[in-house]
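Okay, structure first, notes after.
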Amino acid sequence: QVQLVESGGGLVQPGGSLRLSCAASGSIFSIYAMGWYRQAPGKQRELVAAITSGGSTNYADSVKGRFTISRDNAKNTVYLKMNSLKPKDTAVYYCNAEVSSDCVNGYLEVWGQGTLVTVSS
């Protein structure tokens, strides 16, 4: 079993910053892509940012220029640095990864349990 554990969420004032971390553990052969999604109350879960093993990134328009995704392949960890946070960024943030546990099977999509980010005065 492969698990993703997020950390770093919490309460921050508008304009502040947070860094989220997500560490993958278990039987891991390789991880292709890792990303962050978020879901606010009453809204659909949306992609925030994603990064491939080669370092290619993709960001939602709403966070471009404010958020930065990065990963440490040796640690099987992905990070999301969030700057200039706005109240609309308030959501549960979920880590996602495409993981292969061996050399013959395809990738399995794995989700973390989520970490709450609240942006408020």
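Dipole size of the chain about its Cα centre, with +1 on Lys/Arg Cβ and -1 on Asp/Glu Cβ: approximately 480 debye, rounded to the nearest 20. When Tyr32, Tyr37, Tyr107 are compared by accessible area at a 1.4 angstrom probe, the order from most to least is Tyr107, Tyr32, Tyr37. Evaluated at q = 0.15, 0.17, 0.25, 0.30 Å⁻¹, a Debye calculation over the C-alpha positions of segment 40-97 (equal weights, vacuum) places log10 I(q)/I(0) at -0.46, -0.59, -1.16, -1.46. Selection among Ala97, Ser56, Asn76 by position relative to the dipole of the chain gives Ser56 as farthest towards the positive end (Cβ unit charges, Cα centre). Note that the chain presents 54 Å² accessible area per residue, ligands and nucleic acids not counted, probe 1.4 Å. Shown here is the pair-distance distribution of the chain: with all Cα-Cα distances grouped in 5 Å bins from zero up to the longest one, the shares run 2, 12, 23, 24, 19, 10, 6, 2, 1, 0, 0 percent. Ligands, DNA and RNA excluded, the heavy atoms of Lys75 present near 130 Å² of accessible surface to a 1.4 Å solvent probe. Within the chain, the cysteines lacking any other cysteine Cβ closer than 4.7 Å to their own Cβ are Cys103. Residues Ser21, Ser84, sorted by accessible area with the largest first, give Ser84, Ser21 [1.4 Å probe; ligands and nucleic acids excluded]. Between Phe29 and Asp72, the simple spin-label model (points 7 angstrom out along Cα→Cβ) gives 2.6 nm. Between Lys81 and Val104, the contour length at 0.36 nm per residue exceeds the alpha carbon distance by 4.9 nm.
The values are calculated or read from the model by the stated rules, or taken from the named source; none is laboratory data. The model shown is predicted, which means the values in this text are computed figures rather than measured ones. Please note: Cβ atoms are built from the backbone with ideal geometry, for glycine as well, and neighbour counts cover all protein chains shown. Accessible surface areas use protein heavy atoms only, side chains included; no ligands, DNA or RNA. Shrake-Rupley method; radii C 1.70, N 1.55, O 1.52, S 1.80 Å.
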